[in-house]
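J.: Next up is a structure, given as structure tokens.
The values are calculated or read from the model by the stated rules, or taken from the named source; none is laboratory data. Since we're looking at a predicted model, the values are computed, not measured. Cβ placement follows ideal geometry from the backbone for every residue including glycine, while neighbour counts extend to all protein chains displayed.
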Amino acid sequence: MKSLIKYIKLYFAFFSYSLSRELQYRVNFIVVVIGYIFYLVANLALFGVIYQWTNNIGGWTFNEILIFLGTYHAVHGLWDFSTALNVERISEYVGNGSLDLILVKPVDSLFFVIFRNMNFASIINVFLGIILTIMGVVANKSSVNIGTVLIYIVLAINGVIIFTMIQLLVQLISFKVIKTNMLNNLFYQGIKFAEKPDVIFSGIIRHVLMFLIPMIVIVNFPSRILMGRLNVTFILYDLLVTIIVSAIGIIGWRLAVKNYSSASS
């Protein structure tokens with residue numbers, strides 16, 4: 001219990017520090033917020049043009065696409081707010097020796113690395129995503145109750161965890177190869193698969209994105225809950241994927257740190 005309280009206090013210390021830092025750079029904050037707004041508008045415009053020529057894509061109506069896009073921006077924004085920039089810096093810590101100082105701190109090193117900074121500008125992406133999702137649900141006349149919303153929230157959080165752990169696994173390569181710019185680029189290109197409806201994928205690509213690199217699970221599964229298109233089997237699969245990916249990420253981190261050679265050695 002004391003350990004849990006310690007980490008809760010540490011998290012809020014990170015939160016307070018990150019917020020004070022953001023308040024010092026208000027112009028940067030505003031620029032990033034504007035960028036998120038344009039990103040959402042661009043996504044809406046893209047699908048708006050597509051749906052001028054068709055009533056549905058793989059059986060998905062435009063209102064269902066609104067639910068999907070809203071969920072994507074909410075999940076992506078929450079991931080960007082909480083862990084994305086932190087995990088991306090792991091290769092930097094390994095390269096310049098900062099990881100040495102992190103490993104000697106009296107807290108779990110992975111917790112410290114993942115949560116030490118927060119990107120508050122990304123919160124606007126979460127709010128925009130939630131608003132768009134609600135608009136889609138209302139327009140689609142989806143049958144939604146408290147249970148549906150709770151499952152949706154759980155699956156959305158699972159999406160953030162999966163995003164984080166896949167990114168972590170990519171960054172672990174930096175323990176062997178210091179320069180990971182190309183790998184980071186590939187990861188961010190891979191994210192683009194998560195921002196597309198799963199109905200556009202078929203064959204081997206669909207299987208890879210469902211079972212090997214579960215990008216389809218991240219946004220499509222919580223979206224389908226609000227559409228009434230997801231059954232219990234897929235909900236359990238989402239939970240299983242989250243557990244497996246998290247376990248692989250945590251074990252991978254432990255092994256990487258165990259075999260880590262200090263930058264000063």
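J.: Quickly run through segment 66-109 and pick out the residues that are in a helix (DSSP H, G or I), hydrophobic (A, V, I, L, M, F, W, C) and either more than 19 Å from the chain's Cα centre (by Cα) or surrounded by fewer than 18 Cβ atoms within 10 Å (Cβ to Cβ) (or both).
T.: First, the residues of segment 66-109 that are in a helix (DSSP H, G or I): 66-88, 90-96, 98-103, 109.
Pick out the ones that are also hydrophobic (A, V, I, L, M, F, W, C) and you get 66-69, 74-75, 78-79, 81, 84-85, 87, 90, 94, 99, 101-103.
Hits for segment 66-109 are LEU85, VAL94, LEU99, LEU101, ILE102, LEU103.
J.: If I ask for residues that are surrounded by 15 or more Cβ atoms within 10 Å (Cβ to Cβ) and of a type outside the set (A, V, I, L, M, F, W, C), which ones from segment 118-151 would you list?
T.: ASN119, SER122, ASN125, GLY129, THR133, GLY136, ASN140, SER142, THR148
J.: Continuing with the same structure: Going by the conditions given, is ILE146 under 20 Å from VAL170 (Cβ atoms), free of Cβ contacts under 8 Å to residues at least 40 places away in the same chain and either out of contact with any helix residue (DSSP H, G or I) (no Cβ under 9 Å at 6 or more places or on another chain) or not polar (S, T, N, Q) (or both)? Show your work before the answer.
T.: Values: under 20 Å from VAL170 (Cβ atoms): no; free of Cβ contacts under 8 Å to residues at least 40 places away in the same chain: yes; either out of contact with any helix residue (DSSP H, G or I) (no Cβ under 9 Å at 6 or more places or on another chain) or not polar (S, T, N, Q) (or both): yes.
Against the criterion (under 20 Å from VAL170 (Cβ atoms), free of Cβ contacts under 8 Å to residues at least 40 places away in the same chain and either out of contact with any helix residue (DSSP H, G or I) (no Cβ under 9 Å at 6 or more places or on another chain) or not polar (S, T, N, Q) (or both)), ILE146 does not qualify.
J.: Can you tell which of MET210, MET215, MET227 is touching a strand residue (DSSP E or B) at 6+ places or on another chain (Cβ under 9 Å), modelled with pLDDT of 90 or more and either farther than 14 Å from LEU168 by Cβ or surrounded by 20 or more Cβ atoms within 10 Å (Cβ to Cβ) (or both)? Please lay out each step first, then the result.
T.: On the way: MET210 fails: touching a strand residue (DSSP E or B) at 6+ places or on another chain (Cβ under 9 Å); MET215 fails: touching a strand residue (DSSP E or B) at 6+ places or on another chain (Cβ under 9 Å).
Result: MET227 is the single residue among MET210, MET215, MET227 that is touching a strand residue (DSSP E or B) at 6+ places or on another chain (Cβ under 9 Å), modelled with pLDDT of 90 or more and either farther than 14 Å from LEU168 by Cβ or surrounded by 20 or more Cβ atoms within 10 Å (Cβ to Cβ) (or both).
J.: I would also like to ask the following. Out of the residues in segment 158-171 that are aliphatic (A, V, I, L, M) and over 17 Å from ILE216 (Cβ atoms), which is surrounded by the fewest Cβ atoms within 10 Å (Cβ to Cβ)?
T.: Going residue by residue through segment 158-171, those that are aliphatic (A, V, I, L, M) are 160-162, 165-166, 168-170.
Filter once more, keeping what is over 17 Å from ILE216 (Cβ atoms): 168-170.
On the way: LEU168: 25, LEU169: 17, VAL170: 20.
The residue in question is LEU169.
J.: Now for a different question. Going by the conditions given, is ALA139 closer than 19 Å to ALA74 by Cα, touching a Pro at 6+ places or on another chain (Cβ under 6 Å) and in contact (Cβ under 8 Å) with a residue 40 or more places away in the chain? Show your work before the answer.
T.: Details: closer than 19 Å to ALA74 by Cα: yes; touching a Pro at 6+ places or on another chain (Cβ under 6 Å): no; in contact (Cβ under 8 Å) with a residue 40 or more places away in the chain: yes.
For ALA139, the condition - closer than 19 Å to ALA74 by Cα, touching a Pro at 6+ places or on another chain (Cβ under 6 Å) and in contact (Cβ under 8 Å) with a residue 40 or more places away in the chain - is not met.
J.: Related question: Name the pairs: first residue in segment 218-236 and over 19 Å from THR133 (Cβ atoms), second residue in a helix (DSSP H, G or I), Cβ to Cβ under 6 Å, at least 6 apart or on different chains?
T.: Note: no pairs meet the criteria.
Table: residues versus (1) over 27 Å from VAL154 (Cα atoms); (2) basic (Lys, Arg); (3) touching a strand residue (DSSP E or B) at 6+ places or on another chain (Cβ under 6 Å).
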site	(1), (2), (3)
GLU22	yes, no, no
PHE29	yes, no, no
ILE34	yes, no, no
GLN52	yes, no, no
PHE68	no, no, no
SER82	no, no, no
LEU85	no, no, no
LYS105	yes, yes, no
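J.: Another question, then. May I ask you to say which residue of GLY59, GLY70 is at pLDDT 95 or above and either more than 19 Å from LEU40 (Cβ to Cβ) or in contact with a Gly (Cβ under 7 Å, 6 or more places away or on another chain) (or both)? I'd like the intermediate steps shown before the answer.
T.: Details: GLY59 fails: at pLDDT 95 or above.
Exactly one of GLY59, GLY70 is at pLDDT 95 or above and either more than 19 Å from LEU40 (Cβ to Cβ) or in contact with a Gly (Cβ under 7 Å, 6 or more places away or on another chain) (or both), namely GLY70.
J.: Now a separate question. Which is among the aromatic types (Phe, Trp, Tyr) and under 30 Å from SER143 (Cα atoms), of PHE29, PHE68, PHE38, PHE15?
T.: Of the residues listed, the single one that is among the aromatic types (Phe, Trp, Tyr) and under 30 Å from SER143 (Cα atoms) is PHE68.
J.: Take segment 1-18 and flag every residue that is in contact with a helix residue (DSSP H, G or I) (Cβ under 6 Å, 6 or more places away or on another chain) and assigned to a loop (DSSP other than H, G, I, E, B).
T.: none
J.: Restricting the search to segment 46-56, which residues are hydrophobic (A, V, I, L, M, F, W, C) and more than 26 Å from PHE187 (Cβ to Cβ)?
T.: Hits for segment 46-56 are VAL49, ILE50, TRP53.
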